[in-house]
Every structure is written in structure tokens, then in C-alpha cells.
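Before any comments, here is the structure.
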Amino acid sequence: QVQLVESGGGLVQAGGSLRLSCAASGRTFSRYAMGWFRQAPGKEREFVAAITWSSGIPYYTDSVKGRFTISRDNAKNTVYLQMNSLTPEDTAVYYCAAGRPGSRRYHEYSYWGQGTQVTVSS
């Protein structure tokens with residue numbers, strides 16, 4: 001049974017930081033990309049960042065480049081999203097997902113976590 005379990009969300013002031021974690025279990029993800037998506041109220045789910053599990057190569061959406069860093073810990077089967085310089089526009093439910101390496105499209109991600117809320121106050 002595949003499980004992706006996110007943690008680390010919460011309430012933070014603008015300019016602050018949070019680190020999200022995604023613990024993966026139930027299968028080998030070495031041929032997958034591990035990604036983070038987010039969905040704000042009334043908006044579509046959007047790609048944030050992803051990392052190819054085998055190579056460790058990350059890629060980001062433009063709005064978070066220089067502020068967010070995605071990384072992985074192979075030993076712990078965990079992916080992280082370090083978020084710095086947060087703004088109210090980053091407020092959303094953040095989802096961890098596993099899918100096709102190189103993809104930014106949510107429908108190309110097969111496995112999803114339950115989501116964790118990130119709220120940034122102004």
C-alpha cells in the first residue's frame with residue numbers, strides 16, 4: 001500500500017519560513033519524481049517543485065525559484081520542501097505526489113498525499 005504522508009504545515013507571518021516533509025512508503029520510488037503541488041481556495045492545483053529521486057535534480061515553478069528548495073533523504077525515503085521568504089500568495093494546501101520524472105502536470109502524478117495547510121499572514 002503506497003502512502004505519502006505530509007507534515008510541517010502551519011501558520012507563519014510573511015517573510016517567515018516553513019519546512020514541509022513527505023514520508024513515502026509502500027513501493028520503490030527510484031524511477032519517479034517526487035513533487036509538491038499546491039491548491040489555494042478557488043484555484044486550480046499548481047506545480048511548485050519536484051525532484052527526480054534517482055538523480056536528485058530539482059526543478060521549480062518560476063514564482064518560488066530562489067525562495068523554495070526541494071531535497072530528498074534516500075535513507076529516510078523522505079522529501080522536503082524548505083520554504084523561505086513566504087508571502088500571503090503562498091497560502092494553500094500543499095500536496096506531495098509521485099509521478100513521471102520531469103513532469104509539471106498533476107495528471108502525470110500517480111500517487112498523492114492528503115495535503116498539509118500552509119497559511120501566510122500579512
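Give LEU81, LEU86, LEU20 a once-over and let me know the one that is open to solvent by less than 20 Å² (accessible area, probe 1.4 Å) and in contact with an Asp or Glu (Cβ under 7 Å, 6 or more places away or on another chain).
LEU20
Would you check which residues across segment 102-112 are closer than 21 Å to LYS43 by Cβ and either among the aliphatic types (A, V, I, L, M) or loosely packed, with under 14 Cβ neighbours inside 10 Å (or both) and list them? Talk me through it step by step, then tell me what you get.
Quick first cut of segment 102-112, residues closer than 21 Å to LYS43 by Cβ only: 103-109, 112.
Matches in segment 102-112: ARG105, HIS107.
Exactly one condition in (1) closer than 22 Å to TYR111 by Cα; (2) in a loop (DSSP other than H, G, I, E, B); (3) open to solvent by 60 Å² or more (accessible area, probe 1.4 Å) is not met by ARG72; state its number.
Result: ARG72 fails condition (2) only.
Specify which of the listed residues (GLY99, GLY115, GLY35) is open to solvent by less than 20 Å² (accessible area, probe 1.4 Å) and in contact with a helix residue (DSSP H, G or I) (Cβ under 6 Å, 6 or more places away or on another chain).
GLY99
Please work out which residue is surrounded by the fewest Cβ atoms within 10 Å (Cβ to Cβ), limiting yourself to segment 38-50 and to residues that are part of a strand (DSSP E or B) and not acidic (Asp, Glu).
Here the residue is GLN39.
Can you name every residue in segment 51-68 that is outside any loop (DSSP other than H, G, I, E, B), more than 17 Å from VAL120 (Cβ to Cβ) and open to solvent by 50 Å² or more (accessible area, probe 1.4 Å)?
PRO58, ASP62
Assuming THR61 fulfils every condition listed in (1) at pLDDT 95 or above; (2) among the β-branched types (Val, Ile, Thr); (3) in contact with a Gly (Cβ under 9 Å, 6 or more places away or on another chain) apart from one, which condition is it?
Failed condition: (3).
The values are calculated or read from the model by the stated rules, or taken from the named source; none is laboratory data. Here the structure is a predicted model, which is why all the values come from computation and not from measurement. Virtual Cβ from ideal backbone geometry, glycine too; neighbours counted across all protein chains shown. Just the protein is used for accessible areas: all its heavy atoms, side chains included, with ligands, DNA and RNA removed. Shrake-Rupley method; radii C 1.70, N 1.55, O 1.52, S 1.80 Å.
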